[in-house]
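Heads up: the structure comes next, in structure tokens.
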Amino acid sequence: MSSPVVQIKDIHKIYESGEVPVHAVRGVSLDIHRGEFIALMGASGSGKSTLMNMLGCLDRQTKGTYLLDGIDIDKLDRNELADLRNQKLGFVFQGFNLLARTTALENVELPMLYGRHRKASSEEIRERALHCLEIVGLANRADHMPNQLSGGQQQRVAIARGLVNSPQVLLADEPTGNLDSKTSVEVMGVFQKLNDQGITIVMVTHELDVARYCKRNLILRDGVVVRDAPVDGRSIAAEEMLRIKQAETAAKLTTAAQH
Amino acid sequence: MRFTSTLLVALRALRRNTMRSMLTALGMIIGVAAVITMVSIGNGAKAQVEAQVAAMGQNLITVMPGSFSSGGSRGGYGSSTSLTPEDADAILADVKNIDGLSPEVRARKQILANGLNWSTNINGVGPDYPYVRNWPVASGSMFTDQEVKSLAKVCVIGKTVVDQVFPNEDPIGQTLRIGNLPFRILGVLSPKGFSLFGSDEDDVVLIPYTSHMRRVSRQTNISMIRIQAAEPENIASVKIAVEDLLTQRRRGREPDFNVRTQEELANAASANAKTMTGLLAGIAGVSLIVGGIGIMNIMLVSVTERTREIGIRLAIGAHGRDVLTQFLIEAILLSSLGGLIGVAVGVGGSQLLSHYNGWPVLVPTMWIGISAAGSAFVGIISGFYPAYKAAQLDPIDALRYE
Ligand SMILES: Nc1ncnc2c1ncn2[C@@H]1O[C@H](COP(=O)(O)OP(=O)(O)OP(=O)(O)O)[C@@H](O)[C@H]1O
Ligand SMILES: [Mg+2]
């Protein structure tokens, strides 16, 4: 087996900003290999977002080492970290974080306007962004503004943006947190498809049934990993979707019959 | 390519908030337009003053009674023995390099002709007057030396007097009454327009100064002597010669006259105009600064308001420098665009002012360049601090910002 794309060893995060220091992550060690699909679970305040932010190179660990694709994060400066985020990582934020009043297409183009893609022509950038919107099934909404899109569609635009620079790892913090169950299945379908194509995914979720779409589940409590297990009898989003559609049709028929 | 994509990012950011962008640029538009308009008005006034000074005549030297510019105490009217026609004769006889000379006596009187009344300036002058003032007689002729010597009751009238008293007829050969003395009209002066001091030069009746002193104003002094030097390089020597001669004629009494060259007058007048231009430009400059502060204010507010946007950009891989450049480009685009529109509005406004108010305006090309460059500079200055602030943000903090 090739070396893990993410290697963290005894990583700690202490927030010093408040009156009392908060020890949010207390020694997590983790190897993530290419092609994995991990759900990170745990109670509120257990340190999931903190860990994700460190994995995403948005925040630095207080202690411990993090090797991303063999590179020691701690030795990089601000701009090198920015380049790393741009090229090796895709981050799908909780609450989407799309630019308002900016079309879906331009939102997806955004990462390509920074970093190495800057050398590409605007046609190439456009084409690549459209391709990513196609992957998430939104090519026909390319010219829509975020406020003209449903929550699930906005989340898919955010995923497309995370994909556009072909990252090694796609990180998603509660990608289904604000979505109803049907839209959640939609988003998980996109993730499964991407994972089948070989993209490594780590996502945070509170929902057990959402975690069942993943291949490996991690449970965090008070900043430490208390459970790390593969998923048996994994759910398949495509099948689930079919079942929901049938249920809907049935519901419609019954309501129609009542009238 | 790096710069082009940042430019693209900045343009998109401006387009996302068209209303705010326009309002920001408006401050700049008003500032620059005000500067251009004010400077145009000031410049026009200066050019007009210079034209009027030139219209007084060429190589002109004026001798006035009194010592109003000899500093310290002023003599006041009547405290000095004033200029006399004999002074004028002596100058003409003794001073070399003089091309023409005319005494001048002034009064304001009611005239009557053609059954119409008109109150006008009655100026007693010599036959050289039209030549010295570079103000030709348009039709008819000027009175002669002979007529001056014989105290003839003849006159030459200005365009305004013709319009007022002889609206539909040829005035030449007709008679007009000054008081109850009849004066025969010999000629009509070409139109001259307004003087440096804003009075209508064409509202005038010229009569021999001798007739003026004996018959009309009954005074023994003259108001001024106008001398035309032969060549520009003679002006200084003629001035000195005149001063010497008049001082000598006063036999040791305090000088009670004042000799000035046209250049001195012109300098005084254009200094005034320059002060006015400076004042106007200063006022307009303040509005330019206010416009710049407006841009800085909007950019600062928008850094706070757009903290999340900045966080997203940084998280996605923008360097601090990319964000800095973006905000700086936004500020410069806003202010330069405002500046360009301001130049257009200012030039257009100046033309409108001159069209509808008849003000003389002269749009200075140099100031168009200064305004364009100045507005870009204001953009850099006012954009830099907000841009720097934006670039210093930490991605994770910016993303957490509510
Ligand atoms: N910027 C910060 N400054 C200080 N303390 C923080 C900060 N961010 C998080 N914490 C604290 O760290 C702990 C872990 O927070 P974290 O956001 O990682 O939890 P979480 O597992 O993501 O919770 P949730 O499921 O509610 O999102 C919490 O006790 C929180 O109060
Ligand atoms: Mg969280």
Please go through segment A:169-184 and pick out each residue that is in contact with a strand residue (DSSP E or B) (Cβ under 7 Å, 6 or more places away or on another chain) and either within 14 Å of another protein chain (Cβ to nearest Cβ) or within 16 Å of ligand 2 (Cβ to nearest atom) (or both). A:L170, A:L171, A:A172, A:D173, A:E174, A:P175
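Results for (1) assigned to a helix (DSSP H, G or I); (2) open to solvent by 60 Å² or more (accessible area, probe 1.4 Å); (3) of a type in the set (A, V, I, L, M, F, W, C), shown as yes or no for each residue.
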{"site": "B:R177", "(1), (2), (3)": "no, yes, no"}
{"site": "B:P191", "(1), (2), (3)": "no, yes, no"}
{"site": "B:T210", "(1), (2), (3)": "yes, no, no"}
{"site": "B:I227", "(1), (2), (3)": "no, no, yes"}
{"site": "B:D244", "(1), (2), (3)": "yes, yes, no"}
{"site": "B:Q248", "(1), (2), (3)": "yes, yes, no"}
{"site": "B:E254", "(1), (2), (3)": "no, yes, no"}
{"site": "B:E264", "(1), (2), (3)": "yes, yes, no"}
Do we find a residue being touching a residue at least 40 places away in the same chain (Cβ under 8 Å) and under 27 Å from the mean Cα position of the chain (by Cα) anywhere in segment B:288-304? yes
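Report whether or not B:L324 is assigned to a helix (DSSP H, G or I), more than 14 Å from chain A (Cβ to nearest Cβ) and not small (G, A, S).
Details: assigned to a helix (DSSP H, G or I): yes; more than 14 Å from chain A (Cβ to nearest Cβ): no; not small (G, A, S): yes.
Answer is no for this residue.
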Taking the condition more than 14 Å from chain B (Cβ to nearest Cβ), among the aliphatic types (A, V, I, L, M) and either farther than 21 Å from A:V224 by Cα or open to solvent by 30 Å² or more (accessible area, probe 1.4 Å) (or both), does A:I38 pass? no
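Taking the stated definitions as given, is A:E106 more than 9 Å from every other protein chain (Cβ to nearest Cβ) and in a helix (DSSP H, G or I)?
no
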For segment A:53-94, give me each residue that is within 16 Å of ligand 2 (Cβ to nearest atom), polar (S, T, N, Q) and open to solvent by less than 60 Å² (accessible area, probe 1.4 Å). A:N53
Can you tell me which residue is farthest from the other protein chains (Cβ to nearest Cβ) among those in segment B:293-314 that are open to solvent by less than 10 Å² (accessible area, probe 1.4 Å) and small (G, A, S)? B:S302
The condition from (1) within 14 Å of chain A (Cβ to nearest Cβ); (2) within 25 Å of B:A34 (Cβ to Cβ); (3) not small (G, A, S) that B:V290 misses is numbered (1)
Leading residue by the ranking (modelled with the highest pLDDT) among those in segment A:112-128 that are surrounded by fewer than 20 Cβ atoms within 10 Å (Cβ to Cβ) and at the interface with chain B (Cβ under 8 Å from one of its Cβ atoms): A:S122
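Which is among the hydrophobic types (A, V, I, L, M, F, W, C), within 14 Å of chain A (Cβ to nearest Cβ), in contact with a helix residue (DSSP H, G or I) (Cβ under 6 Å, 6 or more places away or on another chain) and in a helix (DSSP H, G or I), of B:A390, B:A372, B:A398?
B:A398
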So A:R216, is it away from ligand 1 (no atom under 16 Å from the Cβ) and more than 14 Å from chain B (Cβ to nearest Cβ): yes
Please find, within segment A:46-64, the residue that is farthest from ligand 1 (Cβ to nearest atom) out of those that are assigned to a loop (DSSP other than H, G, I, E, B) and either farther than 21 Å from A:A211 by Cβ or touching a helix residue (DSSP H, G or I) at 6+ places or on another chain (Cβ under 9 Å) (or both). A:C57
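I'd like the full set of residues that are open to solvent by less than 40 Å² (accessible area, probe 1.4 Å) and more than 17 Å from A:H12 (Cα to Cα), limited to segment A:219-229.
Pass one, segment A:219-229, residues open to solvent by less than 40 Å² (accessible area, probe 1.4 Å): A:220, A:223, A:229.
Correct list: A:A229 only.
Please go through segment A:8-32 and give me each residue that is open to solvent by 40 Å² or more (accessible area, probe 1.4 Å) and closer than 20 Å to A:R227 by Cα, ordered by number. Quick ask: steps written out before the conclusion?
Here is the first cut: in segment A:8-32, the residues open to solvent by 40 Å² or more (accessible area, probe 1.4 Å) are A:9-10, A:14-23, A:26, A:29, A:31.
Within segment A:8-32, A:K9, A:D10, A:H23, A:R26, A:S29, A:D31 qualify.
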Give me a count of the residues in segment A:53-83 that are among the acidic types (D, E), closer than 24 Å to A:E16 by Cα and within 13 Å of chain B (Cβ to nearest Cβ). 2
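Okay, residues lined up against (1) assigned to a helix (DSSP H, G or I); (2) facing chain B (nearest Cβ under 9 Å); (3) polar (S, T, N, Q):
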position: A:R85; (1), (2), (3): yes, yes, no
position: A:L99; (1), (2), (3): no, yes, no
position: A:L110; (1), (2), (3): yes, yes, no
position: A:G137; (1), (2), (3): no, no, no
position: A:N140; (1), (2), (3): yes, no, yes
position: A:H144; (1), (2), (3): no, no, no
position: A:G152; (1), (2), (3): yes, no, no
position: A:R161; (1), (2), (3): yes, yes, no
Quick count over segment A:1-40, residues being within 16 Å of ligand 2 (Cβ to nearest atom) and touching a Ser or Thr at 6+ places or on another chain (Cβ under 6 Å), is 4
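Output the number of residues of segment B:1-59 satisfying the condition of being in a helix (DSSP H, G or I), within 14 Å of chain A (Cβ to nearest Cβ) and of a type outside the set (D, E, K, R). Steps first, please.
Residues of segment B:1-59 that are in a helix (DSSP H, G or I), as a first pass: B:2-16, B:18-55.
Filter once more, keeping what is within 14 Å of chain A (Cβ to nearest Cβ): B:2-16, B:18-21.
Next, from what is left, pick out any that are of a type outside the set (D, E, K, R): B:3-11, B:13-14, B:18-19, B:21.
The number of residues fulfilling the criteria is 14.
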Does B:T160 satisfy the condition of being crowded, with 18+ Cβ neighbours inside 10 Å, among the polar types (S, T, N, Q) and in the same structural domain as B:L112 (by TED's automatic domain parsing)? yes
Those residues that are open to solvent by 20 Å² or more (accessible area, probe 1.4 Å) and either within 14 Å of chain B (Cβ to nearest Cβ) or under 21 Å from A:K88 (Cα atoms) (or both), I need them from segment A:41-52; list them, please. A:S49
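To keep it simple, each residue is scored yes or no on (1) within 20 Å of the chain's Cα centre (by Cα); (2) in a strand (DSSP E or B).
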position: A:S2; (1), (2): no, no
position: A:Q7; (1), (2): yes, yes
position: A:I11; (1), (2): no, yes
position: A:I14; (1), (2): no, yes
position: A:A24; (1), (2): no, yes
position: A:S44; (1), (2): yes, no
position: A:Y66; (1), (2): yes, yes
position: A:E80; (1), (2): no, no
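Do we find that B:N134 is in contact (Cβ under 8 Å) with a residue 40 or more places away in the chain, over 20 Å from B:R214 (Cα atoms) and open to solvent by 60 Å² or more (accessible area, probe 1.4 Å) in this structure?
On the way: in contact (Cβ under 8 Å) with a residue 40 or more places away in the chain: yes; over 20 Å from B:R214 (Cα atoms): yes; open to solvent by 60 Å² or more (accessible area, probe 1.4 Å): yes.
When the stated conditions are applied, B:N134 passes them.
The values are calculated or read from the model by the stated rules, or taken from the named source; none is laboratory data. Because the structure is a prediction, the values reported are computed rather than measured. Heads up, the Cβs are rebuilt from the backbone with ideal geometry, glycines too, and the neighbour counts pull from every protein chain shown. Surface areas here come from the heavy atoms of the whole protein model, side chains and all, with no ligands, DNA or RNA. Shrake-Rupley method; radii C 1.70, N 1.55, O 1.52, S 1.80 Å.
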